[in-house]
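S.K.: Let me give you the structure first, and then I'll get to my questions.
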Amino acid sequence: MHCPFCQHVDTRVIDSRVSEDGATIRRRRECEACGERFSTLETIELKLPVIIKGDGRRESFDARKLRLGFDRALHKRPVSEEQIEAAVRAVVHQLRMTTEREISSRRVGEFVIAELRKLDHVGFVRFASVYRSFEDVADFREELDRLERDLPGEGQLPLLTGDVVPFEKGGGKGRKR
């Protein structure tokens, strides 16, 4: 590796440390010509699949967009940063495990929905309402019923508290008794 100070072509490693998550190695280097020291980070470079959008466009996977989706769905919810980061890592891991070079954004959305179901029911419903393009309140109710039926919800706040009169078709609002 070239020295960033004098551009000499040879440097030597004097210390290496693996990060806590095991994903990177920090190396301390010293230039043999000028004696300056500097650090480098070594990471694994894996090619993630290209994302095929709904309109047919293709774009590179962007982990920041993935994180933003989780942040929006879980805004003001009792979910820790560590839990969100773990969910993002789980989705990225699923993408890495696919052997496909291209993957639809719908499939990525399904990975996200699966992780949100585990984390927080309200975040799941928020994301699903946009992702699955709910047409009306009945679509919401169906998803809530399916969620309450399929998941025990241990450790999560309930979706609805108290007795609630169901939503009526035609725009009627649910209300507490």
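The values are calculated or read from the model by the stated rules, or taken from the named source; none is laboratory data. Computed from a prediction, not measured in an experiment: that's the story for all the values here. Neighbour counts are summed over all protein chains in view; Cβ atoms, including those assigned to glycine, are modelled from backbone coordinates with ideal geometry.
S.K.: Of all the strands (runs of 3 or more DSSP E) wholly in the range 6-49, which have at least 1 residues that are free of Cβ contacts under 8 Å to residues at least 60 places away in the same chain and surrounded by fewer than 12 Cβ atoms within 10 Å (Cβ to Cβ)?
M.R.: Details: elements: 11-18, 24-31, 37-43.
Counting at least 1 such residues, we get 11-18, 37-43.
S.K.: Does at least one position in the range 61-84 carry a residue that is in the same structural domain as V125 (by TED's automatic domain parsing), in contact with a strand residue (DSSP E or B) (Cβ under 7 Å, 6 or more places away or on another chain) and surrounded by 12 or more Cβ atoms within 10 Å (Cβ to Cβ)? Talk me through it step by step, then tell me what you get.
M.R.: Kept after step one, since they are in the same structural domain as V125 (by TED's automatic domain parsing), are these residues of the range 61-84: 61-84.
Subset that is in contact with a strand residue (DSSP E or B) (Cβ under 7 Å, 6 or more places away or on another chain): 61.
Then drop every residue that is not surrounded by 12 or more Cβ atoms within 10 Å (Cβ to Cβ), which leaves 61.
Looking for residues that are in the same structural domain as V125 (by TED's automatic domain parsing), in contact with a strand residue (DSSP E or B) (Cβ under 7 Å, 6 or more places away or on another chain) and surrounded by 12 or more Cβ atoms within 10 Å (Cβ to Cβ), one finds at least one in the range 61-84, hence yes.
S.K.: Does R107 satisfy the condition of being surrounded by 14 or more Cβ atoms within 10 Å (Cβ to Cβ) and at pLDDT below 95?
M.R.: Details: surrounded by 14 or more Cβ atoms within 10 Å (Cβ to Cβ): yes; at pLDDT below 95: yes.
Yes: the conditions hold for R107.
S.K.: Does R58 meet the test of being in contact (Cβ under 8 Å) with a residue 24 or more places away in the chain, assigned by TED's automatic domain parsing to the domain that holds E102 and among the charged types (D, E, K, R)? Break it down into steps so the answer makes sense when it comes.
M.R.: On the way: in contact (Cβ under 8 Å) with a residue 24 or more places away in the chain: yes; assigned by TED's automatic domain parsing to the domain that holds E102: yes; among the charged types (D, E, K, R): yes.
Yes.
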